[in-house]
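Input: a single structure, listed below in structure tokens.
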Amino acid sequence: MADKKGKLVLIVGPSGSGKGTIIKNLKDRHPDWIYPVSWTTRAVRPGEVEGQVYHFVSKEEFEKGMADGQFLEHAIVHEKGYYGTDKSEIVAGVNAGKTVVREVDIQGFHSIKKAFADGFDGLDASHLLTIFVEAKDLEELQRRIAERGKLPDEEVARRMESARKEIAQADECDYRILNEYGKIQETVDEVDGIILKS
């Protein structure tokens, strides 16, 4: 880009589409890129480590961050916990000419897209790239969600309802890619290629 700024890449998609796995692979390939850590009020799941993918905070701490204008976007996801994106790391990274990669749901995508379209801390729409990731079909998505752990049936149903709404808005992203079961490396190659050429 002419102004030598970097870009924020949003990996968008429903629960179970493979966003986290794609980003994990991108981290291995591009450790020099920036991968901001999400803030959330949800409980820690088995195997999760504070500060790796999420900062686990109390509802009170999160709401203080909201009041202080700390977040680029925030939302209540699956009608449960708060999730948010701290803006400081993103702004600093893009201004330094870095590629910043962030996983978001459709709510986060809309909030961030609007912020960049409106001109955000010296950044604009030219500094944003959005890629929607989806499974082959809803049955495949439901199987992936169910494989994640023993989620109650009502939680699986809630996530599937959210997925239908998200998929209906997929074409609002710059790119839409299929993450087929068993083909994660091909998917990562495709995402990587999109980012590098943009």
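A few remarks follow.
- Accessible area per residue for the chain, computed on protein heavy atoms with a 1.4 Å probe, is 51 Å².
- Estimated vicinal HN-Hα couplings, Hz - the stretch 96-103 in sequence order (Karplus 6.51, -1.76, 1.60; Gly, Pro = x): 8, x, 8, 8, 10, 10, 9, 8
- Normalised by the number of residues in the stretch 29-103, the average gap of Cα pairs under 8 Å and 6 or more apart makes the relative contact order 39 percent.
- Across the chain, the mean sequence separation of Cα contacts (distance under 8 Å, 6 or more residues apart), normalised by length, yields a relative contact order of 32 percent.
- Farthest toward positive dipole pole in the chain [+1 Lys/Arg, -1 Asp/Glu at C-beta], among 67, 33, 88: 33
- In the chain, the DSSP beta bridges split such that about 30 percent are antiparallel, to the nearest 5.
- Label-point gap, in nm, between residue 178 and residue 60 - each point 7 angstrom along Cα→Cβ: 5.1 nm
- Burial ranking of peptide ranges 104-117, 168-181 (average Cβ count within 10 Å, highest at the top): 104-117, 168-181
- Estimated from the Cβ-Cβ distance and a Förster radius of 35 angstrom, the FRET efficiency linking residue 160 and residue 194 is about 0.80.
- Distance between the modelled labels on residue 138 and residue 126, one decimal in nanometres: 4.2 nm (7 Å Cα→Cβ projection).
- Unit charges on C-beta of K, R, D, E only; dipole of the stretch 1-131, Debye: 420 debye
- Peptides 128-140, 41-53, 154-166 ordered by average Cβ neighbours within 10 Å, highest first: 128-140, 154-166, 41-53
The values are calculated or read from the model by the stated rules, or taken from the named source; none is laboratory data. Please read these numbers as outputs of a predicted model, since none were measured by experiment. Cβ: placed from backbone, ideal geometry, glycine included. Neighbour counts: every protein chain shown. Keep in mind that these areas ignore ligands, DNA and RNA; they rest on the heavy atoms of the full protein, side chains included. Shrake-Rupley method; radii C 1.70, N 1.55, O 1.52, S 1.80 Å.
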